[in-house]
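Asks: Got a structure for you, questions after.
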Amino acid sequence: MSFRLPLLALLTLAAVPALAVTPGQKVENFQLADQTGKAHTLYDSAGEKAIVLMVQGNGCPIVRQAIPALREIRDQYQSRGVEFLLLNSNLQDTAESIAQEEKEFAFGLPILVDNSQQVGEQLGVQRTSEVFVIDPKTWTLAYRGPIDDRLHYERQRPADHAYLKDALDAIIAGQSVKVTQAPGVGCIVNFPDRGKKSRS
């Protein structure tokens, strides 16, 4: 099937480290297909001001609640040179089921299908709804954490901190991101072979 072919190139682009990428560290190049079969290569976005990658998982209520806020930020920042993508590293989710989820809930964003889990392992993905902001000038991770602090497991509340927007504003202005990492909530993404690929 066409959506699987770009994943083969992933193995030749970069070795994936076992440890998570933390803010300030380099994010290695990768290529994945989205739910429509279109290939996306990270370093092809070198002309962008920033790249936003949020972890998605089928059936996760927290992702479904977070998507409207992400779309709103996309609408504000896409014209300013920011690219927005979703990443699905769930082994149980197929390209077909991901496409159905996107259609049903009108995400309106490309969802990269990471069914080898190599990109998720490189980034150190733990839960859905976590956002990774990559600075294409250096290909380093500028921020990882939630969009804001609105969502909690038992309730929602008005956001006190707009982490993602603050990070994007800083990057676009050529300034340092003040809050580079923040705790968030989400559905657990299971990596049964985490770390094994790098040791084999």
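The values are calculated or read from the model by the stated rules, or taken from the named source; none is laboratory data. Worth saying up front: this structure is predicted, and the values here are computed from it rather than measured. Cβ placement follows ideal geometry from the backbone for every residue including glycine, while neighbour counts extend to all protein chains displayed.
Asks: On the given criteria, is residue 45 at pLDDT below 95 and either of a type in the set (Ser, Thr, Tyr) or under 18 Å from residue 136 (Cβ atoms) (or both)?
Replies: no
Condition check ((1) more than 22 Å from residue 188 (Cβ to Cβ); (2) within 16 Å of the chain's Cα centre (by Cα); (3) part of a strand (DSSP E or B)) across all residues:
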| site | (1), (2), (3) |
| --- | --- |
| 57 | no, yes, no |
| 68 | yes, yes, no |
| 79 | yes, no, no |
| 87 | no, yes, yes |
| 90 | no, yes, no |
| 97 | no, no, no |
| 107 | no, yes, no |
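Asks: Quick one: which of 10, 109 is modelled with pLDDT under 95, aliphatic (A, V, I, L, M), surrounded by fewer than 21 Cβ atoms within 10 Å (Cβ to Cβ) and in contact with a strand residue (DSSP E or B) (Cβ under 6 Å, 6 or more places away or on another chain)?
Replies: 10
Asks: Out of 134, 73, report the one residue that is at pLDDT 95 or above and either in a strand (DSSP E or B) or within 19 Å of residue 40 (Cα to Cα) (or both).
Replies: 134
Asks: Could you list, in sequence order, the residues of region 111-131 that are of a type in the set (Val, Ile, Thr) and under 10 Å from the mean Cα position of the chain (by Cα)?
Replies: Within region 111-131, 111, 119, 125, 128, 131 qualify.
Asks: Is it fair to say residue 160 is modelled with pLDDT under 95, buried (at least 21 other Cβ atoms within 10 Å of the Cβ) and part of a loop (DSSP other than H, G, I, E, B)?
Replies: no
Asks: Output the number of the condition that residue 135 fails; it satisfies all remaining conditions of (1) under 18 Å from residue 55 (Cβ atoms); (2) in contact with a strand residue (DSSP E or B) (Cβ under 7 Å, 6 or more places away or on another chain).
Replies: Exception for residue 135: condition (1).
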